[in-house]
Structures are given as C-alpha cells and as structure tokens.
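Read the structure below first, then the notes.
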Amino acid sequence: MSIEEKTTLFLITGFLGSGKTTLLNNLIALYKDTKIGILQNEYGTISIDGILLRNQESIEIMEVNDGSVFCVCKKGEFIDALIKMASLQLETIFIEASGISDPSNFIRDLEFINQKTQFKLNYRGNICLVDAENVLDLIESMIVIESQIKYADWIVLNKIDLVTKNSILKIIDKIKSINSHVDIIETTYSKLPPHILNKDPITLNRPEPILSQNTLENRLLKITLHQNSSMELDKVKEFFYNICHETIRIKGFFYDLNKISYYVSGVNGNFNIKEIKLQNIEYKINIIFKKEVADFKILELLEKNWEGLA
Amino acid sequence: MEKLHNHNRKEILLDTFRHKTTDHVPWVPFAGSHAGKLKNYSAIDIFKDENKLLECLLEVNKQYQPNGQPVFFDLQIEAEILGCGLKWHEKGPPSISTHPFENNDKIPDYIPTDSDGRIPFVLKVMKQFKELVGSSTALFGLFCGPLTLAAHLRGTKLFIDLLRNKNYTEKLIDYTTQVGKKMAEYYSNEGMDILAVVDPVVSQISPRVFKQYLLEPFSEIFKKIKALNKFSSFFVCGDATNNLDLMCQSGPDSIFVDENVDMITAKKILNQYKILLGGNIPLTTVLLYGTQQDNMKYIIDLLDKLGTEDLIIAPGCDMPYDIPIDNVIGVVQAVQEPDLVRSAIKDYEKTDLNIQIDLPDYNHLAKPLIEVFTLDSDICAACGYMRDAGFQAKNYFGDAIEFKEYKITSRENIARMKKMKIEHLPSLLINGNLSYSSIIPNKDELIKKIEKMIK
C-alpha cells in the first residue's frame, strides 16, 4: 500500500482556550468535500464541542474523555479508538488532543498503532495552536506548552488582534527558540489559508520521539548515516527502496551531485524523498530498524546496498 | 515445595521502605478497575458493591502475589463529596463531569467526614481486606493530591489561576491539602500501611509553579503521614522529570512514576534523597498489548538497569481493565525469580534448539493426560498452584488419569513447549488442549472436566 493510499492524519494540539475547536470547525469547512474523522479528547468535562460537531454530516467522530489521550492510563483507549477509525478508511483524520496533552511520544505511539492495524495512517503533522494573548505567561507555568510547540509542524499563532506587534515579535522569538524552523501562521479566529496543509512540513528540528530507557522500543536498532560526499539521487532512491521494508522510521537530509538538498522520510516500510531549500542543514539520515531484524542482518543489508552509493 | 512464603511478602516491601536488603525487589500491582476483570465484574460493579470489590481484591492477591496492594484506586472520592459530578465507566474509574467552583471564586471550607459519600464504603472494605490479608500484604491507601483535587473543583480555570490569581490559588490548594490530610488519617485508622498521595496534574506544571504553590503543601502532607507512623508515597503521571527534585524535597518515602519518566534519570535524583523509586511498567505497549515474554523481558531489563536497591516494581499507573492476566503473571514470575526467568527467556528465544521431541498421540490416549507447563513450580508461586491443581486431580482420580509436569528450566521442555505452541506459563492442558493459562483452575471445575473425558 503506498503512502498516497493511506489515511492522512493530523494532530491538533494547543493549550486550553487557544482555539483548537474553532480551528477544527474551520478545517471541517475546508475539507467539506472529503470523508473525514475526528478523534476528540477532553480533560475532565463532557465534550460540548462534540455535540456541536455532530450536526455536521459525513464526519465520523469519536471521543476519549477524562484524561489526556497521552496519559498512560488512557493510551489504550486512544489506540483502540484510532485503530477503529483507521479501519473506516477515511481520507483524513484529525485528532484534537486535550489542552494539557504532551505530544512528545505521539510518533512512537503511531508507529505502534501502524503495526497493529492493516489500515495504515500517514501522519502529516502536528498543528499547534498558540494563544498570543497568554502564551508568554503560560509557557512559564505549564511545561506542556513548550512540548506542544517543540513537536509542532505548523504553529497557528492565534488571537493576534488582541496583542501588539511588539508582543507578536517576542512570541515568535520564543517559539523559534524552541522550534527553529516551524511554519508560523499568524491569524485570528484560528483561520488558516486554504491548501496550507497540503504542503508536507519539513521541520529541521522535528525531534525524535522520546525513546525512554524503559520501553521495548528502546531495543530497536537505530543507525545514523553521515554524508561525507555527494551521492547520485537515483542510487539513494534505490538504496532506500532495498532497505525500507525492514525499517520503521527513516528521517534525514542528503545532497546530490548537483549540491541540491533533499529530505527523506519514511514510516513503516515506505519512504518519500523531496527536494528542499533550507539553510544550515546537517546532512545525516537516521534509520530505525524493526526489532525483529537481527543486528547482523541489518549490517548485511546496509553493506550490500551501500556499495557504490558514497 | 518451597513457595515464596506469604508472611515474607509484606515484610519484603516494608523492609524496602526501611532501606534493608531483601530477597527480591518488591512488586505492587495497581489493580483498580482491572481487579474486576479477574472475576468478570465491571468497574462499576466493584466501585459500588463492597462484596464484589472484596472478592476481586482477594483474587488479585492470590493470582498476582503482591508485596503491596492498593485497596481502592479512584481519585474522585473526595471530589464527588465536594460537589463534582461523576460519569461512570464500565472499564475504568469514574471521571469528573462538572466542576462546582468553575464559575465561582469562593474557597470551599467543608472537610469530608468519614461518613460522607463513598468513604464509609472504602473504609469498610479496607477493614475487611486488612483482616484477611493484612499479615501477608502491605496495604496502600490512595487519596487525591491537592493540585488534582483543585483541578477537579475549579476545572481548567485553575491553570489560569496559577498564573493570574495567586492569592486564590494559594487558598484553594491550602484547602485541598487539608482534605488530603484528613483522608490520610481515615485510611491510617483502618490499618493502611502506606499512604499514597496521587497527583497526576503535577507533571503539567513547571518547577517554578511547583515551588511556589505546592512544595509547602506536599511537605505538610508527608509530615502528617509521618506523624501517623506510616510510610508515604507520591504518585505522579506524565513526564514529571523536571519536578522530581522538588517532589523529593517535599519529603515522601517513595515516588512512583510512569513510562514517561526515564527510570535511570529518576533513580539518580531519588538516590540523592534516599527515596524509593516505584514504577514503571508501560501500561499499553507492554502490559496491555505485549506478550507474557515481553512483560518478563521488561522486568528483567529494568532490574538489570537499575539494580535492586530502593526500588519497587509497579505498573506506570492504574492498570487498564483489559490487561491480559497472563501478562501480569509473567511480571510476577520475573520479579520473584529474575535469574530463572532471564535464563528461560534466553533459551525460549533461540530458534535453533535442535531437540527432537515426540508428542503423545493425543487422539488415541489410553487415559486422560494432564500436562502442566511451569517456570519452576518449586519457586514460582503461580506455577506451584497450577501444578498443585494437577496433583489434586491425580490424587482424586488415581490411575484413571496420567499427570506430567514440564518445567522450562530444561531445554527439552522448552522445545516441547514451542512444539506445542504454549505461549504462557503456567499452563494446564488436558489431552493436548490448553484448558487453563495462568489462571489457577478451580478444583471442582477441573474434576468435572476430567470426569466427562473418563465417561
């Protein structure tokens, strides 16, 4: 199954009151001609927003209540709900995480989910709502906000009409200090330009999922390839084509014989290569292999396919 | 047979709290709503019916051989009494649905008495359970921490209060601290050995906020528990790493964390304060969706990384209802006999055992054959019970049946186990068919099954 045939998945994060649900309503309008699903999470309250959203037709909605979907005791429910939603083979799913959700382990959770279901999910990115009016104060009090920004692929800087231009600059500086290359969309009422989400985000600093010392995933073999000289683009493609079926995650950057930079990313046996125009790139590629592949087999695979590449 | 002696289980945990060396690292299953699964009761059943709750607690105690056991895992008891609405769930504790002080800036002043709400229910079960297992198992009394209780009462406005309403926040948290201290007293009076303050929301706040609003309140709580002459625990969910040092400064005897916290990092911090570290078996990827071997491996890894001093093995949080019982049995075995389990896993994972095993012709047996696969029934308690079940059946039927035990301490038996595709230990098979996996069979039920075959 190619990436294009998978359900596209977006994660929406942002602190309480930042405008997530308004964003969701805007997205529902933007995606009105596609079959979408919404997985909504609320902390400690009945989801009033869920009731409003149900008035929309042809949208699948599921809720996980009481506790952030990233709380460990709720994770099972979240995983079950997402697997169920994946089986509906929708075109797009939006997960609206609760305001105090820490998304740092979401990619790892998603890899786990993709192993559990035949209906794969293509994670497009994390849209993080930031409340311009309160963020600079809140970020000092609530650790989770920094994590939400850190793992964001798009920042929707909302409510800019309520703050001065000077404040906006300070906020942008703060965001960039946490996530240096994230796209920031300044807006009011969570409005997004159409097609903004069609572009695959390339976040230079998209942090690796936290692999705690204490998880099974920590036994996965991670290899980093550092580029020292130019490579032929076709040979790089062939290399990844030959090894990707044994991988869980591929991510990194390389340059070709013409010094053009590329971003390669892959999840669960697929990969994608795109030309990019970014500065100050560190040319290296991280590959995480499936845990059932023995170490010696990985080395064999790399040696066999690396020959002539660089 | 030398089973782990019941009277040692409690002392192993209490000695760990006293920083003494013990036979093995103690283990505490946080079987709240999950306890219901062992007897096919829903979470609602056990949170409202004291007989069903007690039945389930006893089953947890029997199957999971804990060194310590919480009696009740529900952080909403206090909040319900103070006016929060509850939503009940079939497979989990109730959740808060309304917050009485969400649109009301008053500070509550009512301190729950031991006759309010579900407190009498909880105290009664505590008393009964203490009488039944109190000599063999240390009991935990869990109560809601001040920040989480404040969040229950105030809703999400609390997070803005922390920022903008210092005076109000201080008074609210002072109030919820007094509630917590009172709950600790009630549970202490019913004989709970360890009093645990459970405050998940702590992982959400910055160290600056913790120091400003919570260091003093938590210190007050732990001083109170000390004055009651009990051990204390501080439970937190989520990535609380940044707050661990301050949490230590508040003075608990132990801190329990979940999979979001790196245990090695946590151990380094807690060791400086001589505080026990508890945790952190991942609830979903390991306990819920992993295999029994995954769970065993996880425990062995944890022990190999952390050593055995000042450590308590526990799930990361309240166990999800649907965790396979086999998986928890695997944890028990690994905790009690890590060397044995380490070696058994190593052999089990080899793909080239090259040992020829001839299986009986199960379709043409002369008499019913009971086969029990165990880790080592002389040492592993659950395995001992399973073997005993087979023995009892053999004693009952005499020569009318055959009985065999295969311990996987031998490579031949591992090969047999793999050939027969046995995945969990202990397992009991009748005529080659898996009849019981990890759960100890009821004697009468087993006898009836065998009787049908003899007829």
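The values are calculated or read from the model by the stated rules, or taken from the named source; none is laboratory data. Keep in mind that this is a model prediction, so the values were computed, not measured. No Cβ is skipped: glycine too gets one built from the backbone with ideal geometry, and neighbour counts run over all protein chains shown.
Look through B:Asp294, B:Asp347 and report the one residue that is farther than 23 Å from B:Met247 by Cα, within 13 Å of chain A (Cβ to nearest Cβ) and part of a helix (DSSP H, G or I).
So the residue among B:Asp294, B:Asp347 that is farther than 23 Å from B:Met247 by Cα, within 13 Å of chain A (Cβ to nearest Cβ) and part of a helix (DSSP H, G or I) is B:Asp294.
If you check B:Asn243, B:Asn280, which single one turns out to be assigned to a helix (DSSP H, G or I), touching a residue at least 24 places away in the same chain (Cβ under 8 Å) and not aliphatic (A, V, I, L, M)?
Step by step, each of B:Asn243, B:Asn280 is checked, and only B:Asn243 is assigned to a helix (DSSP H, G or I), touching a residue at least 24 places away in the same chain (Cβ under 8 Å) and not aliphatic (A, V, I, L, M).
Identify the residue in the range A:180-190 that is touching a strand residue (DSSP E or B) at 6+ places or on another chain (Cβ under 9 Å) and not small (Gly, Ala, Ser) and, among all such residues, is surrounded by the most Cβ atoms within 10 Å (Cβ to Cβ).
A:Val182
Condition first: facing chain A (nearest Cβ under 10 Å) and within 25 Å of the chain's Cα centre (by Cα). Now tell me which residues in the range B:177-210 satisfy that.
Correct list: B:Pro200, B:Val201, B:Ser203, B:Gln204.
For the subset of the range B:300-319 comprising residues that are over 20 Å from B:Thr241 (Cβ atoms) and crowded, with 24+ Cβ neighbours inside 10 Å, which member is farthest from the other protein chains (Cβ to nearest Cβ)?
B:Met319
Tell me, yes or no, whether the range B:333-354 has at least one residue that is of a type in the set (A, V, I, L, M, F, W, C) and farther than 21 Å from B:Ala415 by Cα.
Within the range B:333-354, one or more residues are of a type in the set (A, V, I, L, M, F, W, C) and farther than 21 Å from B:Ala415 by Cα.
For B:Gln272, all conditions in the list (1) under 23 Å from B:Asp193 (Cα atoms); (2) of a type outside the set (Val, Ile, Thr); (3) more than 14 Å from chain A (Cβ to nearest Cβ) hold save one; what is the number of the exception?
Only one criterion is unmet by B:Gln272, namely (1).
Test each condition in (1) surrounded by fewer than 20 Cβ atoms within 10 Å (Cβ to Cβ); (2) of a type outside the set (S, T, N, Q); (3) under 26 Å from B:Arg342 (Cα atoms); (4) free of Cβ contacts under 8 Å to residues at least 60 places away in the same chain for B:Asp444 and report the one that comes out false.
Here B:Asp444 clears every test but (3).
Do we find a residue being closer than 24 Å to A:Asn272 by Cα, assigned to a helix (DSSP H, G or I), within 8 Å of chain B (Cβ to nearest Cβ) and out of contact with any Pro (no Cβ under 8 Å at 6 or more places or on another chain) anywhere in the range A:130-139?
No - not one qualifying residue is present in the range A:130-139.
If I go through the range B:89-147 residue by residue, how many of them are under 29 Å from B:Glu170 (Cβ atoms) and of a type in the set (A, V, I, L, M, F, W, C)?
9
Return the residue satisfying two criteria in turn: it lies in the range A:1-15 and is of a type in the set (A, V, I, L, M, F, W, C) and over 17 Å from A:Glu146 (Cβ atoms), and of such residues it is modelled with the lowest pLDDT.
A:Met1
In the range A:150-169, what residues are surrounded by 15 or more Cβ atoms within 10 Å (Cβ to Cβ) and more than 14 Å from chain B (Cβ to nearest Cβ)?
Across the range A:150-169, the qualifying residues are A:Ala152, A:Asp153, A:Trp154, A:Ile155, A:Val156, A:Leu157, A:Asn158, A:Lys159, A:Ile160, A:Val163, A:Ser167, A:Ile168.
Determine if the range B:211-230 includes at least one residue that is within 14 Å of chain A (Cβ to nearest Cβ), assigned to a helix (DSSP H, G or I), hydroxyl-bearing (Ser, Thr, Tyr) and farther than 24 Å from B:Ile269 by Cβ.
no
Go through B:Asp262, B:Asp326, B:Asp253 for me and flag whichever is among the charged types (D, E, K, R), more than 12 Å from the chain's Cα centre (by Cα), within 8 Å of another protein chain (Cβ to nearest Cβ) and on the phi < 0 side of the Ramachandran plot.
B:Asp262
Please name all residue pairs, on different chains or six or more residues apart, with Cβ atoms under 9 Å, provided the first residue is in the range B:142-157 and is more than 9 Å from chain A (Cβ to nearest Cβ) and the second residue is among the hydroxyl-bearing types (Ser, Thr, Tyr) and assigned to a strand (DSSP E or B).
Partner pairs satisfying both residue conditions: B:Leu142/B:Ser233.
Within the range A:88-100, take every residue that is of a type outside the set (Val, Ile, Thr) and under 14 Å from the mean Cα position of the chain (by Cα) and give me the one that is farthest from A:Thr8 (Cα to Cα).
Result: A:Ala97.
Which residues, taken from the range A:130-144, are modelled with pLDDT under 90 and under 22 Å from the mean Cα position of the chain (by Cα)?
A:Ile139, A:Met142, A:Ile143, A:Val144
Identify, please: which residue in the range B:149-205 is more than 21 Å from B:Ser254 (Cα to Cα) and of a type in the set (Ser, Thr, Tyr) and is, among those, surrounded by the fewest Cβ atoms within 10 Å (Cβ to Cβ)?
Among them, the one singled out is B:Tyr168.
Against the conditions (1) in a helix (DSSP H, G or I); (2) within 22 Å of B:Gly279 (Cα to Cα); (3) β-branched (Val, Ile, Thr), where does B:Val197 fall short? Just the number, please.
Here B:Val197 meets the rest and fails (1).
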